[in-house]
Each structure stands twice: as C-alpha cells, then as structure tokens.
Amino acid sequence: MLLANGKNSMDKVVVFTGAGFSAPAEIPLQSNIIKEMFYKPTPSFLESTKESKKLLKSFILIGLFLLDEYSTVDTAELHSMNRLFKRLNKIYEINKVNNDDDELAIEQIKKLNERTNYNPFCEIAAFDMLDAQVYRLLLLLKESIREKLVKSRLLVNLEDVFTIFDKAIKSKENWHRFSYNELDSLEHALLRLFTYYFGRRINSFNNFNEYDSFIKYIELHKVTVISSNWDVILEKNFIHNKIKYDLCLNSEYYKSDLRNNNLNAKSIKYLKLHGSINWFHCLECGTVNLIEKKDIGTYLFDDKINEQCLQCKASSNSDMTLLRPEIITPTMVKDIKSQLYNNIWKKAEYELNMANKIIFLGYSLPIADFEIRYLLKKNIDKKTKIDVVLIETDKPDANNNSPEFRFKSLFCKNEIEFHYNGFNNY
C-alpha cells in the first residue's frame, strides 16, 4: 500500500555510514593518512625486502613535495640523493633495454655521462649489481625523507593538498615550481599511497564479530547502505558472511576479479558515493576494475607483475600508469559528474527519497561535504525519521561545533534521535 507521499507503508530503511563506522577496524582517518608515512617499517627499514620500487618511488615523490612545501627543513641533500638515484636508474634502464648488447649499453651510458657531466661509480661494472645498488639507494632516500618528516612535525591539511592538485590540473596552471603535469603525477602518487596504507590495514582485519549485529540487521531487512567511505570493511564482512551485495555499477563499466554474483535482485544495495580503494580506472578502455580477491595493499606495487586491466587486458610497462585509483579525493573541487558517479548518486537520490527512516552511523555531517549535504537535504523528506549514531566524544560542546548541531540545523523539521554509545550498542 502506498502512502500519500508515494512511499510504501512498510518501513524502508537506509543506513548511511561515515568514517566512524570503520573505527573498530582501526582504519586511519583520511586526515591522518599522511601520518602513516612517519612510521618506521618492521623489520628494520634497511633489512626490509617487502617494499617495492614502485612504492618507494611514490613515497619519495610525495615526501619531497611535503617537505618542500609544508616544512622549513633543508632538503638539498635529499634532492641530491634523488638526482643520483635517477642517474643510476637511467643506467639500469639502458642496460635492461640492451641486455643482449653490452657494447651498445656501455656506449649509451657514456653518452648519458657526457650530457649529465656525471661519472657513475658503476661505469663498466657488472650490470647485475646495478639493480641492488638502485634499490639500496631508494631505501636510504626513503628513510632519510621519513626521518625528516618526523622531525619537521609536519602539519598538513589534506584538503588543501588535493585542492591544489585538482585546481591546477583542471585549470592547466603551474603551481610554484611545479607544472600541472607534474602535479598530476604527484596526485597519482598520493592516491597510490592511499591505496597502500588503507589496504595494508584492511588486509589485516579479521575482527568480524564487531559487525555481527549490523550485518544480521541489514540482511534481515534488506537495508540499503550508502557510504562516504573508501574502505572495503563492509565488503569483507559481506564476503565473510556469504551475503550477496550490489554496488549498483553498470555492468558495462566495471569488471571484477571475484565472481560473486554481485548483480542480483536480492542483493544488499551498497552505494559508495566517493568511490573505493579497490576500484581502479583503466586509462586505456575506461573500465573500472574491482579488485575484491587480490591484496589491495600491494596491488599497484608489485615490481614483478605489470598492471593489467581485467577488461581490455592492456598491460603497463616500466613506470607507465595504466590503472588509476577511482576515488573522489578530500578536496574543495570535487568532481562527481562522470558517468560512474552520476549513476551511483542518482540511485542514492532514489533510495533516500523512498526511505521512511535514515540511520547515520559514524557520520558527523562535516561542512566540507557540501555535495553530500545537498544530496541529503534535497532527498530526505521532512517526515522521514532520522537516527544519528555517534560516540561519547561527539557530544555537543558550548560552541555549537558538533555533529548534533549540524544535523539539527540541516534537518530542522525532522524527528531526530541521537545515540552516543556507538553502533554496536545501538
């Protein structure tokens, strides 16, 4: 039976999850992701064999940018080491291309020396030593940058960084000493680090008990879930509990490495408004690759395997970029106009419009999320009941600077209940 407002008389519940929903999994907040660069790897950094060249290069690129633009430390020695690495790496790449012709390789190295006025200590040394030397220099450079980052007590607003990247790239403007092409490379490197640090935490997650009551509730009621998060904690819970879920992506636009029959009429609808760290956009065919089975923490950082699109089978070579993380970054210049996000946001509009009740779990309704605030205000009816589930530290303060104030302000005509004991108790 339909009500006067066109909604079904049975309750239609939508759950909206924010960063707090992933807190039990100890997923780092977006604002803290750069701090992940500060931690010294275990085992000892110079003994580690787990970090790929691709990861080290991304770290070095971003680390030098942050130190140059957001600290007062002297980076001259770091840049000198970086130039040395690039020269040695160039020699190594020349050898790789000409590995069957040592004389040609040596001739090209000599020409490189003349152009750079640099005499490498490996001029005609055994080429099989070059790879180890290049890698060791990368490790030393990364550790030097990490130590500088720690000592600088870096204070960086991630929204500022991504806004610089996006604004300059879209306007095709240079920014300080960086061209917009260089800024695009920096943004891509930072996105890859996001994928790595988020993925590393998620791969170690196995505390499914924390989400048992939530999973049982949404499975029983076939609740639609909308999220502003990038992480895949909920997907891991779905797969662990053998629950079919539908990301509501047009099948023409994506390919998954896990055939779990996601597109199913009885699946839980799961709409990720800002993309996901396991979505990778192929720059060759435009398809979104869903990496649900492989280790997303290292997916883009395997030196032994070239990136490959699941759909068109295109493969990268060397440092060529083929797959780009498909997430909407924390920026004041958000772009949700692509076909992919247009489809997701339109479905979210419909689900919110049809809901009799909205449950916000761990979402504080930040002012910076102006696109989401507009989406919610436009599509949540004034008769829709709202529950907001937060934690003790989110309670209102004297300055009206709290989630409760923001919710009451935006939904002044709705019946709202606030719960401050976390979503498990709720």
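The values are calculated or read from the model by the stated rules, or taken from the named source; none is laboratory data. In this text, all values refer to a predicted model and were calculated from it rather than measured experimentally. We place every Cβ from the backbone using ideal geometry, glycine too, and count neighbours over all the protein chains shown. For accessibility, only protein heavy atoms count, side chains too; no ligands or nucleic acids. Shrake-Rupley method; radii C 1.70, N 1.55, O 1.52, S 1.80 Å.
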Spacing of the two label points (7 Å from each Cα toward its C-beta) at residue 313 and residue 250, in nm:
2.5
What GluC sites (Glu not before Pro) does segment 376-426 have in DSSP loop regions with at most 14 other beta carbons within 10 Å?
415
Lys and Arg at +1, Asp and Glu at -1: add these up for the other residues within a Cβ distance under 15 Å of residue 209 and post the number.
-1
Return the subset of 167/304; 244/413; 255/304 for which the Cα-Cα distance in this structure is over 31 Å, preserving the input order.
167/304; 244/413
In this structure, the FRET efficiency calculated for residue 90 and residue 293 from their beta-carbon separation, with R0 = 35 Å, to the nearest 0.05, is 0.45
Return, for the Cα atoms of segment 274-327, the radius of gyration and Dmax in Å, separated by a comma.
10.3, 31
Over segment 325-411, how many pairs of lysines fall under 17 Å by alpha carbon, counting only those 8 or more apart in sequence or from different chains?
21
If you roll a 1.4 angstrom probe over the protein chains with everything in place, what fraction of the accessible area of segment 190-244 belongs to carbon and sulfur, to the nearest %?
48
